[in-house]
Structures are given as structure tokens and as C-alpha cells.
Amino acid sequence: MNVWLEILLKLVVAIVVVFVAAFVVMFAELKVSAHMQSRIGPYYCGGRWGWAHVIAEVFKWLQKEDLVPAAADGPVFRSAPMVSVLGMCAVVVVIPLSPTLVAADLDVGIFYALAAGAVSTVAILMAGWSSGNKFSLMGGLRAGAQLIAYELPLVLAVVGVVIQAGTMSMVGIVEAQTQPVFHLGSVGIPLPYVLQGQIVGFVIFMIAALAELVRIPFDMPVAESELVMGYLTEYTGIRFTMFLLAEYGGMVVMSAIASVLFLGGYYFPGLDVEWFGPFVLLGKALVLTFVIIWFRWTWPRFREDQLQSLAWRWLVPLALVNIAVTATLKVLL
Amino acid sequence: MNAPRTVPSEPVRSAVPGLGLFKGMWLTLKTLFSKPATVFYPTEKEIPLPRARGVIALDVEACTVCMLCARECPDWCIYIEGHKVEQPPAQPGGRARSKSVLDRFDIDFALCMYCGICVEVCPFDALFWSPEYEYSALHVAGLLHPMGRLSEWLKTVPEPPALEEQPESPVAEEQP
């Protein structure tokens, strides 16, 4: 096949999947939050259950005036949302929906995913600094401190899985989880890594992912009761929508990475990975996304110093111990 | 005697650290799958409590134009005008009595804050609370309810609650 056509096809598929997933998660957040608070949520738009609400809302935002504050650093301010969406989309490249349905099965897949995911940190710092607003600046700096603090446990939690799988390739990690761990009679039983002793790694990864996504209980950068909306304060219309899209798309992407690393990715016992793989992976990712939404509508937010002490005093040492134990067991067994 | 000083109590800590987080998650999960409390207002309606402060009704016959309600109203949303008419003497040769007749009694519900002082203060039981609440208007002037409209609301005023049972007066017992 023509290489350019292939790239274009992959691009379209990836963008459609990510954006549809982001819309679904936005809608799920509206509905789940409403029902968790004994409300109905969107109801009338689209005829039934308000299914078209998010689409209508995006069109509403598209119509709004695109404001750039006089004190803002124009080019940086304008490009920050694009960088944010770009950082989210770049990670999609290595997420395997099935053994063949992956944009690029890089040898350093998970390393690339974490590195590309960190680009959104830059976007937030850009937005915070260029807005020319003290609330934005505070939010941006908080986000910077938070994302740097939690990037470390995120990476360290992944190292345990990488040691156990012996590869950094996302497909390779999933394939390693399809190998039988023990045999019941003649039937080999494969286990996802979360059941193979990586439960600590999984918990650390999810906590750090929540912080990376700036979701409650780690949403100090946008703490609306103190900072208006943090780094999003000055954004309106389409640019605000792009940040929102990056947030919700990021939730799906992070959940997808977590399910690839710890929950067996596209593999489910008894289901053909080529045909059902994409649905299995998206299903697992949506379950994790639901849990993230569930946290948000249940828990209060951390204080800034509690957040830092959780990362540096608990998660990083725990992740290091996890690596040491995993490596030791890998050599011994 | 000094009142016993209250000692600030220790915050309640559960036996397992972090247990409260999961209790909270269980609560939100239960709420997620229970029926929402929302009432679909225009199609479904809540039945207001009988003593709800919906709108103020006026009994024109009982009003004596004493102006107490207008004077007590904290935001001056009651407008009253009246005049006196000579009543013919009850008995021939008697003194002619004068009676106050209500010309105007408006309540501006755009200003009213539903405190109920006018209802409390009326000595002649001319004002009542009605639980009706659907009288929104497209223009602010539509919220000024004139006398006729206020007396229309009188039909919606519920029966007053029955008197509470009280012990018989000891004075009444001694009389026979």
C-alpha cells in the first residue's frame, strides 16, 4: 500500500476513535455525575437521554468569541491548546487495539507513550505563563510542580511491568500477558499483570495518572474555589474546547495505557484478539475511565503540600521498592 | 457558676485509614443506581405543602383599609388606596357612621420577599397565604397583582389547620 495513504488512513482512524471516545467520556461524566448527585443531567437534547448534549455544547463553544487578553503573550497563548491536544494524540500512536491494529508498534512503545504524554505538561505551563493573569500563573506553576512530581512514580510504576514482560513494546507487553502462568490440568491460565504481583504498581500508576490528568483529587491547578479556573481562566470558545478535549481524550488514553500494561490490553480469554480486541481494550479503558469519574464525584481535593508529600514520601519510595522486588523475583523465579 | 467549657473533640478516625474514602464511593455508587430526586417540572408537578408561601390572597370584604400591612411591609410592595363613605344610621336619629371602602390594593410580587409580615399583622384576617406558585409573567409589570387578582387567589387558600387539643380551662370548671 502507498505509504502516504496508509499514514492518512491511520491518522483518520486514530483521530476518529480518540475524539469519539472523548465525546463519550464527556457525556458519561455529565450523566454519571448527575445520577451520583440524584439528578437527571442532560435530558432533552437529541430526543432521548440528551445524547446529543455534548455535540451541541461543542457547537456552542465554536460560536463563542475567541478572546486573547491584552496582557497575554499572543502566539504562545494561541498555540498552548494545540500543543495540549497534540500531546494527547501523540500517545495514541502506540496503543494497540489489536496485534495488527496499532499505528506503530515501537520497540520503545511505553517509553514513547510516557515521553509524549509529558508534552501536555508543557502545554499547561505555556497556557499558565502566557495568559498574563495571576490565577493562570498560579495554576500553571501548580500544574508544573504536580506533573513533575507525579511523572516519576508513573514511570517507576511502569518499570515493574517492563521488567516482568522483558519488553517495552506495547504489543509485546500484551503478548506476555497472554502466556499461561500456570496450568489447570491441560488448560493454561494466563493472568494480567495486576494479578501477577503488579497490584502495587497498578495502584501507583492509577494515582499518578490521576495527577497527570489533573483530575480530582489532584486538581489543584484548576482549583476553582481558589484559582478561578487555573491555567484555563483566560480561555474561551474553541481553545477552551481543545483543552477540554485533551483532558477527556487524555483520560481515555491513560486508561487504555493502564489496561494494556496491567489488565491484559486487547486480550480476553476466549475472544479472538483480531476481531474483538479493539472492543475489549476500549471496554477495559472505559471501566477505568468510569472509576476516574467516580473518584471525581466522591472525593474532595488534596491540599498542595499533601499532594507533594504523597508523591515524594510515599509513591516514589513505594515504586522503587516495587521495582526492586519485581527484579529480584524475576531473577529468582 | 461557670458553664462547663466544651473541649474540642478529636476528629473521628476510622479504625482503617482511608476507609472513609471507600464509604464515600459506596454512597455515590448507591446514589448512581437509585432513582433521581428530580421532578420534571413543566410536565410533572410537585404538590406544595398546604402552608407553603406561594402567593398572598386578599379578602376584600374583611379589609378595613387600616394600612397596617402596607406600613409593616419591609420592602413597601403593597399599595393601598381607599375612601370613606357615610353609612346611614343604624337606628333613626342615630349618628351616621363612616365606612372605609377599598379602591386599590396591589401587591407587587416582583418586590415581595415572601416574609409574611403582612399576613401576620392583619388584624381583620383579610390576608392569607396560598400555596399556588405558578404566576410567572413575561414582563415585570405582570407581577403587580391588583385587587381583583388577589381576591381570585382566595379560592386557592386551604382550610386553616384545626386547633390543637387543649386541656379545658380550670376557670370554666369552677363556674357551675
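General observations
- Output for the range A:304-320, where each listed residue is open to solvent by 80 Å² or more (accessible area, probe 1.4 Å) and in contact (Cβ under 8 Å) with a residue 40 or more places away in the chain: A:Trp312, A:Leu318, A:Leu320
- Unmet criterion (only one of (1) out of contact with any helix residue (DSSP H, G or I) (no Cβ under 8 Å at 6 or more places or on another chain); (2) open to solvent by 40 Å² or more (accessible area, probe 1.4 Å)) for A:Leu263: (1)
- Among (1) open to solvent by 70 Å² or more (accessible area, probe 1.4 Å); (2) within 14 Å of another protein chain (Cβ to nearest Cβ); (3) not in a loop (DSSP other than H, G, I, E, B), the one test that B:Thr31 misses: (1)
- Selected residue [β-branched (Val, Ile, Thr) and open to solvent by 20 Å² or more (accessible area, probe 1.4 Å)] from A:Val228, A:Val253: A:Val228
- Scope the range A:209-222; condition in contact with a Pro (Cβ under 9 Å, 6 or more places away or on another chain) and in a helix (DSSP H, G or I); matching residues: A:Leu210, A:Ala211
- The set of residues in the range A:280-310 being among the small types (Gly, Ala, Ser) and closer than 28 Å to A:Ala22 by Cα consists of A:Gly283, A:Ala285.
- The conditions of being within 22 Å of A:Leu97 (Cα to Cα), open to solvent by 40 Å² or more (accessible area, probe 1.4 Å) and modelled with pLDDT under 85 are met by A:Pro180.
- Helices (runs of 4 or more DSSP H) completely within the range A:245-333 that count 1 or more residues being within 14 Å of chain B (Cβ to nearest Cβ): A:273-296, A:304-309
- Among the residues of the range B:108-152, the ones that are in a strand (DSSP E or B), touching a Phe, Trp or Tyr at 6+ places or on another chain (Cβ under 8 Å) and open to solvent by less than 40 Å² (accessible area, probe 1.4 Å) come to 3 in all.
- Scan of the range A:196-208 for residues that are part of a helix (DSSP H, G or I) and without any contact (Cβ under 8 Å) to a residue 60 or more places away in the chain, ordered by number: A:Ile199, A:Val203, A:Phe205
- Some residue of the range B:88-98 being in a strand (DSSP E or B) and either open to solvent by less than 80 Å² (accessible area, probe 1.4 Å) or at pLDDT below 90 (or both): yes
- Residue check for A:Phe268: open to solvent by 10 Å² or more (accessible area, probe 1.4 Å), over 17 Å from the mean Cα position of the chain (by Cα) and farther than 23 Å from A:Val83 by Cβ: yes
- Residues of the range B:34-63 satisfying the condition of being open to solvent by 100 Å² or more (accessible area, probe 1.4 Å) and either assigned to a helix (DSSP H, G or I) or away from every other protein chain (no Cβ under 14 Å) (or both): B:Lys45, B:Glu46, B:Ile47, B:Leu49, B:Arg51, B:Arg53, B:Glu61
The values are calculated or read from the model by the stated rules, or taken from the named source; none is laboratory data. Just so it is clear, the model here is predicted, and its values are computed rather than measured. Here the Cβ is made from the backbone with ideal geometry for all residues, glycine too, and neighbour counts use every protein chain on show. When the accessible area is computed, the model is the full protein with side chains, heavy atoms only, and any ligands, DNA or RNA have been set aside. Shrake-Rupley method; radii C 1.70, N 1.55, O 1.52, S 1.80 Å.
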